[in-house]
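Written out below as structure tokens is the structure these notes cover.
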Amino acid sequence: MTTPSTPADPAGTAPAGAAAGAGADQGAGRGTGAGPDTGTRQPVLEATGIRKQFPGVLALDQVALRLYPGEVHALMGENGAGKSTLIKVLTGVHPADDGTLLVDGAPRSFADPLQAQQAGISTVYQEVNLCPNISVAENILIGREPRRFGLVHWSALKRRAAELLTELDLDLDVSTPLGSHSLAVQQLVAIVRAVDLSAKVLVLDEPTSSLDREEVAQLFTLVRRLRDRGVAILFVTHFLDQVFELCDRVTILRNGRLEGEYPIGELTPVTLVQRMIGGELATLDELSEKAQEEAAERVAGEPFLTARELGRAGSVEPYDLDVHAGEVIGLAGLLGSGRTEAARLLFGADTADSGRVTVEGRTVSLRTPRHAIARKIAFCSENRKAEGIFGELTIRENIILALQAARGWTRPLSRTKQDALTRRWIEALDIRPADPEAQLRNLSGGNQQKVLLARWLLTEPRLLILDEPTRGIDVGAKAEIQKLVARLAADGTAVLFISAELEEVLRLSHRVAVLRDHRMVATLVNDDGVTPDRILATIATGADS
Amino acid sequence: MTNRLDPPAGTARGPMLKRLAGHRLLWPSLVLIALLLGNLAFTHDFFAVRIRDGHLYGSLIDILQYGAPLTLVALGMTMVIATRGIDLSVGSTVAIAGALACEHIATSSDPDGAGTVLTAVAVALGVAVVLGLCNGLLVARLGVQPIVATLILMVAGRGVAQLITDGQIITVTSDKYHMIGGGHWLTFPFAVLLAAALVALTALVTRRSALGLLIESVGGNPAAGRLAGIRAAGLLTLVYVFSALCAAVAGLMISSNVNAADGNNAGLWIELDAILAVVIGGTALTGGRFSLGGTVLGAMIIQTLSTTVYTLGVPPETTLVFKAFVVIAVCLVQSPAFRARMPRRRKTGHPRSDTTAGAAGRQQEARA
């Protein structure tokens, strides 16, 4: 099953056990225009009128969702639309303030995730929540180990785990530690564990955001196999093409409300995005043309920063790079190719063990981030949660932090100044909620990213290093960040832009440095001749053809 | 999803009450008030404060005075815990500071001279700075886990204190030294004024400068702090030195109050009381946001508890068990998870709320 089902039959691939035909109220009042047939099919999970209020934010209001056995159902929406909250409500992490939840037609309420699991709903989150130091087998069956004489029956445990993997056509040595496998395999193991826990509903929250192409294909194979076994799969992602490739139906949320429920066949990528953002798609084409025109002139002057033979054993081989004021340099390469590692050396986040760096002609030492910040270099890490945000602190405190750290604790910014700066950046970047005293952990990913950008823009950097600034954030915020980068460059800031999306890199960059196997293999001037295909070829062959 | 949340407290009672209900110091305050009222039930003149010889006397004043050293130790501990650390060595520092000061005064030719007492205080505080620097060096520069780093001084420091006192209890007769922990000034016990002044000064410095924010950042997310350009090593060293200084002042108070230095027992287990005070006050052991007001309330709760044990005449052998039960109760009352459970438990006995919500849901469904 590789093509979406027909609009009239939202769960057409359901196993024989379930009655055929779509639900009676399928499209009524939701503008989907689904088929008129009034079958008796019952959703395995049906939520209606869900409402969830957080302090200061109405996260969900009158949201509904229906999952049928044997379908892959996409949950789409911008950051902050309420996708994560809805999942947390469905899986018992947060109680809903109002609304009903029916599982197999019976009303249920979950006080905690365990109850949801027992009712047949389990979740695999973006970050794998398993223990990397114990074996694959233990991770799959932890908490449900087969026992003999009150002790763990180790051989039965391994046998059972191996059976589960074989059933799903996965070939793994179950006695190896989980941490020795790639992130993708860990994710598959997490899914196997979740499915063994409860085979009715599987929620996948952004499972593909850190996987490469092949790994995604592997994941999809597993998801399709589960669907064919009658599992209802709720799939949350930002990748539009994955939705069209994998899903049967789509539920779209906007600003905490239900926008609609559609069979995938009724949507095109453009209409899907329009429904998500509720307006016309911002055009970014003008950006790319300008970027290409100006490429040549930007590179002409003296470089702001030069790196010569800069490298670090085991992380990135020595590379040369010149960065000019007002220039956007894209770093392209596969995950793990050394993109991030190369950038971290320029910020002193990791210490280089070879080579030298000059800033404005003077040799400088960049052993710690403080050195780099003093040279007007700023860096937004790809790992927003672990290396970026202070969730407990407010938006204001997060925004002023880098500037305050540079000044030292004895020279505090006055509260008036802090408030003024915060207000200015909340407005300039359209950060929501626009409350300077809101705790950062309550913001959506895209808004947290904007706060981090504000933190660094406050320090007026000459070189801004952005590592995957648009990963895991929605289309609208993505376009805003891309525009911001273009504007900053036009105002004379140099930007080092790292992204896994080649189209995005090409749209913004004046030059593109390509990395492969921890080595910088080429630096291309982004003219008409540079296409994603050419960069892919460079990555594949290790040389510019 | 048939679980309706309780209506947010105070919606009907105006925004003032609502703000109060959400305040982080609400629960520690309520616990303290409850403990004090509990005492009033047993001791009718518990709240009575008299003036005798121009000095204030009464149970409340006693609690403030005997609670002053614990408040100071907890004050230092708060800053350490805010950086995601812990300082187990404060009890030993209390003993060392008291021993050094008393030893200096006892061996001096003029035990009541202002110079002698000032030198004694200076020696004690100076050595405390060195002890704090040791802790800070181990944690900030060598990356030793705080609990291990300070455990070293906790064990070794107790030995050092015994060496200083030769294993004896050193008694001193110096009115000027007695002033620190047992004297009065402006009708108030001097120790209370000293502790209040140090708390106020700490609050002023941490909140008026950016020190508080940077400490909370380092404790809240050390990796992000490093990338934001915060110099964590300096801050960490600073908080351990501050903690040792606070402990040393507490040590001076304790030894001065009894006119003696006891290397074995002075400040014994005070580190645990201090940690408890910090936690009761709402500062998490995982670092980040700290609350000095909460810590003061926490220290007062613990001291009130100790006083209660004495005034109630709880038999000495059951004192610790009694204290343990109250502490468990206090911690449960403060725990949001526990409080959230209580109403929910009751609710499961009320099928009515389920059916009403369910009906509402079905109505919506029908409309859709």
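Considering the conditions (1) buried (at least 22 other Cβ atoms within 10 Å of the Cβ); (2) of a type outside the set (D, E, K, R); (3) closer than 29 Å to residue B:152 by Cβ; (4) away from chain A (no Cβ under 14 Å), residue B:217 is excluded by exactly one of them, (4). Please enumerate the residues belonging to the stretch B:254-272 that are assigned to a helix (DSSP H, G or I), surrounded by fewer than 24 Cβ atoms within 10 Å (Cβ to Cβ) and under 17 Å from the mean Cα position of the chain (by Cα). Of everything in the stretch B:254-272, just one residue is assigned to a helix (DSSP H, G or I), surrounded by fewer than 24 Cβ atoms within 10 Å (Cβ to Cβ) and under 17 Å from the mean Cα position of the chain (by Cα), namely B:272. Of the residues A:387, A:382, the single one that is in contact (Cβ under 8 Å) with a residue 40 or more places away in the chain and under 29 Å from residue A:448 (Cβ atoms) is A:382.
One line per residue, one yes/no per condition, for (1) modelled with pLDDT of 85 or more; (2) more than 13 Å from chain A (Cβ to nearest Cβ):
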| position | (1), (2) |
| --- | --- |
| B:279 | yes, yes |
| B:284 | yes, no |
| B:307 | yes, yes |
| B:347 | no, no |
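Of the candidates B:1, B:79, the single residue that is within 14 Å of chain A (Cβ to nearest Cβ) and modelled with pLDDT of 85 or more is B:79.
In the set (1) crowded, with 18+ Cβ neighbours inside 10 Å; (2) assigned to a helix (DSSP H, G or I); (3) of a type in the set (Ser, Thr, Tyr), residue A:271 fails one condition alone, (1). The residues of the stretch B:222-233 that are part of a helix (DSSP H, G or I) and within 9 Å of chain A (Cβ to nearest Cβ), listed by number, are B:223, B:224, B:225, B:226, B:227.
What do you reckon, is residue A:362 farther than 24 Å from residue A:492 by Cβ, surrounded by fewer than 21 Cβ atoms within 10 Å (Cβ to Cβ) and more than 9 Å from every other protein chain (Cβ to nearest Cβ)? No; evaluated as a whole, the condition is false for this residue.
Regarding residue A:381, is this residue among the hydroxyl-bearing types (Ser, Thr, Tyr) and more than 28 Å from residue B:206 (Cα to Cα)? It would help to see each step written out before you state the result.
Details: among the hydroxyl-bearing types (Ser, Thr, Tyr): yes; more than 28 Å from residue B:206 (Cα to Cα): yes.
In short, yes.
Residue count for the stretch A:48-86 under the criterion of being within 13 Å of chain B (Cβ to nearest Cβ) and part of a helix (DSSP H, G or I): the result is 2. Taking the stated definitions as given, is residue A:394 within 14 Å of chain B (Cβ to nearest Cβ) and within 30 Å of residue A:255 (Cα to Cα)? Here the answer is yes, as residue A:394 does meet what is asked. Residues in the stretch A:145-159 that are touching a residue at least 12 places away in the same chain (Cβ under 8 Å) and either part of a strand (DSSP E or B) or of a type in the set (Lys, Arg) (or both): A:158 only. Say whether the condition of being on the phi < 0 side of the Ramachandran plot, within 14 Å of chain A (Cβ to nearest Cβ) and either touching a residue at least 12 places away in the same chain (Cβ under 8 Å) or not acidic (Asp, Glu) (or both) is met by at least one residue in the stretch B:168-187. No.
Taking residues in the stretch A:89-107 that are more than 11 Å from chain B (Cβ to nearest Cβ) and in contact (Cβ under 8 Å) with a residue 24 or more places away in the chain, and partners anywhere that are part of a strand (DSSP E or B) and hydroxyl-bearing (Ser, Thr, Tyr), the pairs with Cβ atoms closer than 7 Å and at least 6 places apart or on different chains are A:91/A:123.
The residues on offer are A:189, A:195, A:185, A:216, and the sole one that is farther than 19 Å from residue A:83 by Cβ, buried (at least 22 other Cβ atoms within 10 Å of the Cβ) and at pLDDT below 85 is A:195. In the set A:119, A:137, which member is in contact with a Leu (Cβ under 8 Å, 6 or more places away or on another chain), of a type in the set (A, V, I, L, M) and surrounded by 20 or more Cβ atoms within 10 Å (Cβ to Cβ)? Among A:119, A:137, only A:137 is in contact with a Leu (Cβ under 8 Å, 6 or more places away or on another chain), of a type in the set (A, V, I, L, M) and surrounded by 20 or more Cβ atoms within 10 Å (Cβ to Cβ).
The residues of the stretch B:134-150 that are of a type outside the set (S, T, N, Q) and surrounded by 16 or more Cβ atoms within 10 Å (Cβ to Cβ), listed by number, are B:134, B:136, B:137, B:138, B:139, B:140, B:144, B:146, B:149. Against the conditions (1) within 25 Å of residue B:298 (Cα to Cα); (2) more than 14 Å from chain A (Cβ to nearest Cβ); (3) out of contact with any strand residue (DSSP E or B) (no Cβ under 7 Å at 6 or more places or on another chain), where does residue B:126 fall short? Just the number, please. Of the numbered conditions (1) within 25 Å of residue B:298 (Cα to Cα); (2) more than 14 Å from chain A (Cβ to nearest Cβ); (3) out of contact with any strand residue (DSSP E or B) (no Cβ under 7 Å at 6 or more places or on another chain), the odd one out for residue B:126 is (1). Would it be correct to say that residue A:155 is touching a helix residue (DSSP H, G or I) at 6+ places or on another chain (Cβ under 9 Å), of a type in the set (Gly, Ala, Ser) and more than 22 Å from residue A:83 (Cβ to Cβ)? Taking the combined requirement at face value, the residue does not satisfy it. The number of residues in the stretch B:49-85 that are surrounded by fewer than 24 Cβ atoms within 10 Å (Cβ to Cβ) and assigned to a loop (DSSP other than H, G, I, E, B) comes to 5. Only one entry in B:237, B:206, B:202, B:150 is farther than 30 Å from residue A:379 by Cα, within 14 Å of another protein chain (Cβ to nearest Cβ) and not in a loop (DSSP other than H, G, I, E, B), namely B:202. If the condition is being surrounded by fewer than 24 Cβ atoms within 10 Å (Cβ to Cβ) and of a type in the set (S, T, N, Q), then the stretch B:86-117 contributes B:107, B:108, B:109, B:116.
The values are calculated or read from the model by the stated rules, or taken from the named source; none is laboratory data. Keep in mind the model is a prediction, meaning the values are calculated, not measured. Note that we place each Cβ from the backbone using ideal geometry, even for glycine, and neighbour counts take in every protein chain shown.
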